[in-house]
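Engineer: Got a structure here, written out as C-alpha cells. Questions coming.
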Amino acid sequence: MATYVYKFTEGNKDQKDLLGGKGANLAEMTNLGLPVPPGFTITTRACRHYLDHGTMPDGLDAEIEENLAALEREMGRELGQHDDPLLVSVRSGARFSMPGMMETVLNIGLNDESVQGLARQGGDERFAWDSYRRLVQMFGKTVQDIDGELFEEAIEQVKAEKGVTDDLDLDAGDFRALVDRFKAIVQQETGSPFPTDPREQMRQAVRAVFDSWNAPRAVLYRRQERIPTDLGTAVNVCSMVFGNLGMDSGTGVAFTRDPATGQQGVYGDYLQNAQGEDVVAGIRNTVPLTDLADIDARSYDELMGIMETLENHYRDLCDIEFTIERGKLWMLQTRVGKRTAAAAFRIADQLVDQGMITLDEAVQRVTGDQLAQLMFPRFDEKAAARDQAHRLGRGMNASPGAAVGKAVFDSYTAIKWSRSGEKVILCRRETNPDDLEGMIAAEGILTSRGGKTSHAAVVARGMGKTCVCGAEEIDIDTKNRRLVAPGGETVEEGDVISIDGTSGEVFLGEVPVVDSPVVRYFENEIDPASDEADDLVRAVHRLMHYVDAARRLYVRANADTPEDAARARRMGAQGIGLCRTEHMFLGDRRQLVERLILADTRDEQDEALEALLPLQRSDFNGILASMDGLPVTVRLLDPPLHEFLPDITELSVRVAVAEARGESHENDLRVLQAVHRLHEQNPMLGLRGVRLGLVVPGLFTMQVRAIAQAAADRIREGGRPRPEIMIPLVGTVQELEIIREEALRVLREVGEENGVELDFPVGTMIELPRAALTAGQIAETAEFFSFGTNDLTQTVWGFSRDDVEASFFSAYLEKGVFGVSPFESLDVDGVGRLVRIAAEEGRATRPDMKLGVCGEHGGDPASVHFFHEVGLDYVSCSPFRVPVARLEAGRAAA
Ligand code: PEP
Ligand code: MG
C-alpha cells in the first residue's frame, strides 16, 4: 500500500488533495486510456512532512526507488542509461493551480555519458547537447539557487563570439561548449561540481520543488488567491517526451472552449520544434491551434477526439498541455480550466443546454465575484470608435474589462505609483512570475509578446484583471520606458493609456466608460427575451431566475434615498435592511442639527426638532413609496453629535482670528464650546446610537413620529408602507425597553391622529458583544435583530474600523495573521460565533424572530454562505451588491 508515492495508474481525479491537481488529472487521463507518458506522483503528504520537519519522511526514498525501478522496467531503459537514457521531468503540482509560481526541472538523467546516448538515439547531436545545457541551466537556477542571469550572460557571450543573435544559429558544438561554461558556473557558485548521478539529480530536484512551495512569489500568489498556506505541493515524475526533435515535433496548449468568451470551438496555441516552457513563457510567438490541422493532420484529429473525450468526462471546459514527438501525440496535463467571468456564465448555460449538467450544477460553476466583475463598466463603443485617431494598436483580448491608467514599464514602478494612489497599466514585453506583485498593483496589463496562454494572460484571467497580450505591432521598449505604436506615436512612462481586454484594443488617453449590459439588464433596461440581450445576458438571466427560486435568504439593500431604494428594487432587493438616517441630517440641514445641539432650553430644543420633523417625514415618504409593500428598516440616529459640528481646529482658528480683529464671534464661540463639551477621546465607543436617544430628549421621538406620519400619509395615498424601527448600538435590554415604549406610544398617537393603525415592529441591531451574549434577554423586547457586523467586528477584535485598514492591516496580511480583512469577509470563528449564539438565543426567546444582517458582510460571497448556514432570514447590502448576494444565497441553498 503506497504511502507517499502513487503511480499514474493508481490515482484518480478526485484525489487532488493528495496528488495535487496535475497528478490527479494525469492519473485520470492514464486510466481513460489517453496517451500519457508513464510516471508517478510524490504526494502532498510527503511535502507537508518535509515542510514541517525539514527532512524527508522515512520510507520515501525507498518508495521513490521502487517506483522509478518499475518505470524503468516499463520503459525498458534506465534513468540516465549511457547508450539510451530514460529522462524524466520533475514538476510541481499543488491542489490549486498556481501558474508558474513553483519549480520544474526537465531532462533529469543527462550527464556527460548519457548525452552521447541521447544523441545517438535521437539521431541529433545538437538536440542532445541543447537538452543537456537546459538541464544544467534549470537545475542550477531552481535547485541550486544560482542567479539565472549568469547562464543568460554565458549564452549571450557564446552568441557574440560566434557573431549570431538567435539561439537557432547555435550548433551542437556551441551547446557542448555552453555545457562546459554552465558547469563552471555551477562549480564557482556552489563550490561543487554539477551532480552527474541521475538519481542524485532527481533527489535534489524533488527537494527543490518542495522548497518552492515557500518561494516568495508562491506565498504572494496564495495570499492573493486566498489559497491556504499549509497544503504543500505534490511532485510529478514523468518520463520525458520531446517537442524539440524537429519540425515534426512541437508543443501546445489547447482549450475545449474559449476561456475568454466561453464560445465553443478550437482554441489554443501551437509551437513547432519547441519544449512546453517555451509556450507558457510566451518567449516565441505561437501559431493558432487550428494550423496544426495542416502541419500534422493525424495528431490534430487525435487531439480533437481527446478534447471531446475530456470535455464529456469532466463535463466542463478543460485546458490541456500536449507535446508531439516525431508525429506521436502525448498528453502532459489537463485540468478544468480557468476562465473569465463572462465565459463562466456562458459555459454553465451552454452545458445545461447540451444536457451535460443540471441547473443546480450550473450555479455552482459561477460565483458572486464573477458576477460582480460582469457589472464593471466598460469602454463606450461609440467613443472608442470615435477615438480611432487615438488607437495605438491591437493585441489579443486575454482578459476582459476596461482599464485606464498611466503607462509604467516595470513592476517596481507599478507598485510604487499605485501605492501613492496612481492608477497604472503595466506594460511589458512579456511577464514572468516575478512580475506578480506589479500585476496585482496595476489596473491592467499590456504585453507585446505571447498568446492567450502566456503567463500574463493566465494570471490576469485568474485575478479578474484586464489584460491585452501579444500586441506585436506595439514596440514596448522597457529599457527606455516607452512604447511606440505602428503609427509612430510614442507613449512615455506616465502618459495615460486605455486598454480594452474585450476587444484587445489599446488607446492613447482616457476612453470614456459605460454601464455593462449586465447592469442594464438588472436595471430592467434590457429585456432578456429581446434581440438586444446577448447570450451573456441570457445566461445571467437564466441562472439568476434559478437561484431566486432556490434561495432561502431574502436579500435587502442598504439605502438612504428614494433613488437608491428604487435602484435597489430594480436590482432585485426585497426591501431595505438599513436606512441610515444620519445621512438625512447632512447638507443644508446641518444647521438645524447645530441648533438642536446648541439649544439652551427645552423650548429651543423642541423648536429645532419641530423644524427637522417635516424634512424627515418627506424623506421617509419617498423611501416608503419606492419600496411600497416591502419592509423598510429605518435605523434611528447613530453617530455621535460632534460629527454634525464643524471641525474643532478650523473653528478655533476662526474664533482666534475674530478675537484678534475684535470682530463679533458669539455664535462661533458657542459652537466651539459645544464642540469641546461633546469632544470624546474615543467617539466610536462614546455617546452614539441608543445612548443619544436616551440622553437627547425628543430626538428619537421626533424620528419615530416622522416615520409614523410618513406611513400614515402613504396609507392615505393607498400605499402599503412597511417600516421597521431599528435601534442601534444597544448593549442591554433596559436601553431598548425605554426607547421601545416611547416608540410604541408615538405610533399609537399618530395612528389615532390619522385614524389608521400603525403596527410596526421595533427591533435592534446586534453590534456589541454584550448584546450578542445577552440576546436571549434582548429578544424579550426586540421584535427583530439585525446584525451590524461592521461595529461587531470592530468591538470583538478591538479594531478601530476607521483606522486599522490603512495602518497595520497590510502587515497583518503579509504576515499571514489573516488572509483577508475581517471587515471585508466575516471572521467566522470569532464574530461569527457571536452571531450564531445571538441567533440561537434570540430565537429561543422569540421563535418567530426575524434575523438579518446589514453590515458590509451582507454582500460578501463567503459571508453570505455563513449567514445562510446559521439560519438568518435576510442579508442586506449596497444596491450594486444585491445581485451578487442573490446569486450567493442561491448557491448556498442549491
Ligand atoms: C454596522 O455596524 O454593521 C452597521 C451596519 O452600522 P454602521 O455601519 O452604520 O455603523
Ligand atoms: Mg453600526
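Engineer: Could you go through segment 697-704 and let me know if any residue there is under 30 Å from Phe823 (Cα atoms), touching a residue at least 40 places away in the same chain (Cβ under 8 Å) and either over 40 Å from the mean Cα position of the chain (by Cα) or away from ligand 2 (no atom under 16 Å from the Cβ) (or both). Please lay out each step first, then the result.
Structural biologist: Step one: filter segment 697-704 for residues under 30 Å from Phe823 (Cα atoms), giving 700, 703.
After this cut, where a residue has to be touching a residue at least 40 places away in the same chain (Cβ under 8 Å) as well, the list is 700, 703.
Subset that is either over 40 Å from the mean Cα position of the chain (by Cα) or away from ligand 2 (no atom under 16 Å from the Cβ) (or both): 700, 703.
The answer is yes; a qualifying residue exists.
Engineer: Just to confirm my filter: which helices (runs of 4 or more DSSP H) fall fully inside segment 741-815 and include at least 3 residues that are within 20 Å of Ile727 (Cα to Cα) and within 16 Å of ligand 2 (Cβ to nearest atom)? Please lay out each step first, then the result.
Structural biologist: Numbers: elements: 769-773, 775-781, 789-797, 804-807, 809-814.
Filter on segment 741-815 gives 769-773, 789-797.
Engineer: If you don't mind, there's one more thing I want to ask. Please find, within segment 791-818, the residue that is nearest to the chain's Cα centre (by Cα) out of those that are more than 11 Å from ligand 1 (Cβ to nearest atom) and of a type in the set (D, E, K, R). Step through it out loud before you land on a result.
Structural biologist: Filtering segment 791-818 for residues more than 11 Å from ligand 1 (Cβ to nearest atom) gives 796-800, 803-818.
Narrowing further to those that are of a type in the set (D, E, K, R): 803, 805, 814-815.
Numbers: Asp803: 24, Glu805: 18, Glu814: 17, Lys815: 19 Å.
Taking the candidates together, the pick is Glu814.
Engineer: Within segment 151-164, identify whether any single residue is in a helix (DSSP H, G or I), at pLDDT below 95, under 19 Å from Phe242 (Cβ atoms) and of a type in the set (D, E, K, R), and answer yes or no.
Structural biologist: There is no residue in segment 151-164 that is in a helix (DSSP H, G or I), at pLDDT below 95, under 19 Å from Phe242 (Cβ atoms) and of a type in the set (D, E, K, R).
Engineer: Please identify the pairs in which a residue from segment 856-878 that is closer than 14 Å to Ile837 by Cα and without any contact (Cβ under 8 Å) to a residue 60 or more places away in the chain has its Cβ atom under 6 Å from the Cβ atom of a residue that is surrounded by fewer than 18 Cβ atoms within 10 Å (Cβ to Cβ) and not acidic (Asp, Glu), counting only partners at least 6 apart or on another chain.
Structural biologist: Every condition considered, the pairs that remain are Phe866/Val828; Val870/Arg836.
Engineer: Are any residues in segment 182-202 in a helix (DSSP H, G or I) and buried (at least 19 other Cβ atoms within 10 Å of the Cβ), and if so, which ones?
Structural biologist: Start the filter on segment 182-202 by keeping residues that are in a helix (DSSP H, G or I), which leaves 182-190, 198-202.
Correct list: Phe182, Ile185, Val186, Pro198, Gln201, Met202.
Engineer: On to the next question. So which residues in segment 545-563 are surrounded by fewer than 21 Cβ atoms within 10 Å (Cβ to Cβ) and either closer than 15 Å to Pro517 by Cα or more than 16 Å from ligand 2 (Cβ to nearest atom) (or both)?
Structural biologist: If we filter segment 545-563 for residues that are surrounded by fewer than 21 Cβ atoms within 10 Å (Cβ to Cβ), which is where we start, we get 545-546, 548-550, 552, 560-563.
Residues satisfying the conditions are His545, Tyr546, Asp548, Ala549, Ala550, Arg552, Thr561, Pro562, Glu563.
Engineer: Just wondering, is there one or more residues in segment 155-175 that are crowded, with 23+ Cβ neighbours inside 10 Å and touching a residue at least 24 places away in the same chain (Cβ under 8 Å)? Give the steps one after another, and end with the answer.
Structural biologist: Of segment 155-175, the ones crowded, with 23+ Cβ neighbours inside 10 Å are 175.
Checking which are touching a residue at least 24 places away in the same chain (Cβ under 8 Å) leaves us with 175.
Yes, that holds for at least one residue.
Engineer: Do we find that Val762 is more than 16 Å from ligand 1 (Cβ to nearest atom), crowded, with 20+ Cβ neighbours inside 10 Å, closer than 23 Å to Arg836 by Cα and modelled with pLDDT of 95 or more in this structure?
Structural biologist: Against the criterion (more than 16 Å from ligand 1 (Cβ to nearest atom), crowded, with 20+ Cβ neighbours inside 10 Å, closer than 23 Å to Arg836 by Cα and modelled with pLDDT of 95 or more), Val762 qualifies.
Engineer: Among the residues that make up segment 416-428, is at least one of them assigned to a helix (DSSP H, G or I), farther than 20 Å from Glu510 by Cα and among the aromatic types (Phe, Trp, Tyr)? Give the derivation first.
Structural biologist: At the first step, the residues of segment 416-428 found to be assigned to a helix (DSSP H, G or I) are 416-419.
Filter once more, so that each one left must be farther than 20 Å from Glu510 by Cα: 416, 419.
Filter once more, so that each one left must be among the aromatic types (Phe, Trp, Tyr): none.
Checked against the condition, which is being assigned to a helix (DSSP H, G or I), farther than 20 Å from Glu510 by Cα and among the aromatic types (Phe, Trp, Tyr), segment 416-428 yields no hits at all.
Engineer: Oh, and also: Among all residue pairs at least 6 apart or on different chains, which show Cβ distances below 8 Å where the first residue, located in segment 802-831, is of a type in the set (A, V, I, L, M) and the second is outside any helix (DSSP H, G or I)?
Structural biologist: Going by the 8 Å Cβ cut-off, the qualifying pairs are Leu813/Gly819; Leu813/Val820; Leu813/Ser821; Val820/Arg226; Leu826/Asp860; Val831/Pro822.
Engineer: Could you tell me whether Pro728 is in contact with a helix residue (DSSP H, G or I) (Cβ under 7 Å, 6 or more places away or on another chain), away from ligand 1 (no atom under 16 Å from the Cβ) and closer than 18 Å to Asn558 by Cβ? Steps first, answer last, please.
Structural biologist: Numbers: in contact with a helix residue (DSSP H, G or I) (Cβ under 7 Å, 6 or more places away or on another chain): yes; away from ligand 1 (no atom under 16 Å from the Cβ): no; closer than 18 Å to Asn558 by Cβ: yes.
Considered against the rule, which asks whether it is in contact with a helix residue (DSSP H, G or I) (Cβ under 7 Å, 6 or more places away or on another chain), away from ligand 1 (no atom under 16 Å from the Cβ) and closer than 18 Å to Asn558 by Cβ, Pro728 comes out as no.
Engineer: Restricting to segment 770-790, what's the tally of residues that are surrounded by fewer than 23 Cβ atoms within 10 Å (Cβ to Cβ) and either more than 30 Å from Met849 (Cα to Cα) or within 13 Å of ligand 1 (Cβ to nearest atom) (or both)?
Structural biologist: Adding up the residues that qualify gives 1.
Engineer: Does Phe585 satisfy the condition of being surrounded by 15 or more Cβ atoms within 10 Å (Cβ to Cβ) and without any contact (Cβ under 8 Å) to a residue 60 or more places away in the chain?
Structural biologist: Numbers: surrounded by 15 or more Cβ atoms within 10 Å (Cβ to Cβ): yes; without any contact (Cβ under 8 Å) to a residue 60 or more places away in the chain: yes.
So Phe585 fits the description; yes.
Engineer: So, of the residues in segment 605-637 that are of a type in the set (D, E, K, R) and over 17 Å from Leu592 (Cα atoms), which turns out to be farthest from ligand 2 (Cβ to nearest atom)?
Structural biologist: Of segment 605-637, the ones of a type in the set (D, E, K, R) are 606-607, 610, 617, 619, 628, 635.
The next check asks that each one be over 17 Å from Leu592 (Cα atoms); those that pass are 628, 635.
Working: Asp628: 27, Arg635: 8 Å.
Among those that are of a type in the set (D, E, K, R) and over 17 Å from Leu592 (Cα atoms), it is Asp628.
Engineer: Among the residues of segment 484-518, how many are without any contact (Cβ under 8 Å) to a residue 12 or more places away in the chain and either part of a strand (DSSP E or B) or within 20 Å of Lys423 (Cα to Cα) (or both)?
Structural biologist: Going through segment 484-518, the residues without any contact (Cβ under 8 Å) to a residue 12 or more places away in the chain turn out to be 484, 488, 490.
Those still in the list that are either part of a strand (DSSP E or B) or within 20 Å of Lys423 (Cα to Cα) (or both) too: 484, 490.
The qualifying residues number 2.
Engineer: Looking for something surrounded by fewer than 16 Cβ atoms within 10 Å (Cβ to Cβ) and in a helix (DSSP H, G or I) - is there at least one such residue anywhere in segment 262-278? Even if it seems obvious, please write down each step before you answer.
Structural biologist: Our first condition is that a residue be surrounded by fewer than 16 Cβ atoms within 10 Å (Cβ to Cβ); within segment 262-278, this holds for 263-265, 277.
Next, only the ones that are in a helix (DSSP H, G or I) stay: 277.
Yes, some residue in segment 262-278 is surrounded by fewer than 16 Cβ atoms within 10 Å (Cβ to Cβ) and in a helix (DSSP H, G or I).
Engineer: Right, here's the next one. Leu292: closer than 17 Å to Gly246 by Cα, outside the structural domain of Cys467 (by TED's automatic domain parsing) and hydrophobic (A, V, I, L, M, F, W, C), yes or no?
Structural biologist: Numbers: closer than 17 Å to Gly246 by Cα: yes; outside the structural domain of Cys467 (by TED's automatic domain parsing): yes; hydrophobic (A, V, I, L, M, F, W, C): yes.
So Leu292 passes the test.
Engineer: Among the residues that make up segment 440-452, is at least one of them within 22 Å of Phe507 (Cβ to Cβ) and basic (Lys, Arg)?
Structural biologist: yes
Engineer: Same structure again: Cβ contacts < 7 Å: first residue assigned by TED's automatic domain parsing to the domain that holds Gly859 and under 16 Å from Glu525 (Cα atoms), restricted to segment 554-578; second residue more than 15 Å from ligand 1 (Cβ to nearest atom) and assigned to a loop (DSSP other than H, G, I, E, B), any location; separation 6+ or different chain. Result?
Structural biologist: That search, which allows pairs on different chains as well, returns Arg569/Met627; Arg570/Glu523; Arg570/Asn524.
Engineer: Going through segment 843-878 one residue at a time, which ones are buried (at least 24 other Cβ atoms within 10 Å of the Cβ) and assigned to a helix (DSSP H, G or I)?
Structural biologist: His857, Gly858, Gly859, Ser863, Val864, Phe867, listed by residue number.
Engineer: While we're looking at this one, here's another question. Go through segment 716-740 and count every residue that is out of contact with any Phe, Trp or Tyr (no Cβ under 7 Å at 6 or more places or on another chain) and more than 16 Å from ligand 2 (Cβ to nearest atom).
Structural biologist: So the count comes out to 13.
Engineer: Also: Residues of segment 655-684 being within 16 Å of ligand 1 (Cβ to nearest atom) and surrounded by 15 or more Cβ atoms within 10 Å (Cβ to Cβ), which ones?
Structural biologist: Matches in segment 655-684: Pro683, Met684.
Engineer: While we're on this one: Among the residues of segment 39-83, count how many are within 42 Å of the chain's Cα centre (by Cα) and buried (at least 16 other Cβ atoms within 10 Å of the Cβ).
Structural biologist: Of the residues in segment 39-83, 21 are within 42 Å of the chain's Cα centre (by Cα) and buried (at least 16 other Cβ atoms within 10 Å of the Cβ).
Engineer: Inside segment 864-886, can you point out the residues that are within 16 Å of ligand 2 (Cβ to nearest atom) and not β-branched (Val, Ile, Thr)?
Structural biologist: The first filter runs over segment 864-886 and keeps only residues within 16 Å of ligand 2 (Cβ to nearest atom), leaving 875-878.
Answer for segment 864-886, where residues must be within 16 Å of ligand 2 (Cβ to nearest atom) and not β-branched (Val, Ile, Thr): Ser876, Cys877, Ser878.
Engineer: Still on this model: Does Ile623 fit the bill of being away from ligand 1 (no atom under 16 Å from the Cβ), crowded, with 20+ Cβ neighbours inside 10 Å and under 47 Å from the mean Cα position of the chain (by Cα)? Please lay out each step first, then the result.
Structural biologist: On the way: away from ligand 1 (no atom under 16 Å from the Cβ): yes; crowded, with 20+ Cβ neighbours inside 10 Å: yes; under 47 Å from the mean Cα position of the chain (by Cα): yes.
Considered against the rule, which asks whether it is away from ligand 1 (no atom under 16 Å from the Cβ), crowded, with 20+ Cβ neighbours inside 10 Å and under 47 Å from the mean Cα position of the chain (by Cα), Ile623 comes out as yes.
Engineer: In addition: Could you list all residues from segment 333-370 that are of a type in the set (A, V, I, L, M) and part of a loop (DSSP other than H, G, I, E, B)? Walk me through it before giving the result.
Structural biologist: To start, the set of residues in segment 333-370 that are of a type in the set (A, V, I, L, M) comprises 336, 341-344, 347-348, 351-352, 356-357, 359, 362-363, 366.
Once the filter is applied, which keeps residues that are of a type in the set (A, V, I, L, M) and part of a loop (DSSP other than H, G, I, E, B), segment 333-370 yields Met356, Ile357, Val366.
The values are calculated or read from the model by the stated rules, or taken from the named source; none is laboratory data. Keep in mind the model is a prediction, meaning the values are calculated, not measured. So basically every Cβ, Gly included, is an ideal-geometry build from the backbone, and we count neighbours across all protein chains shown.
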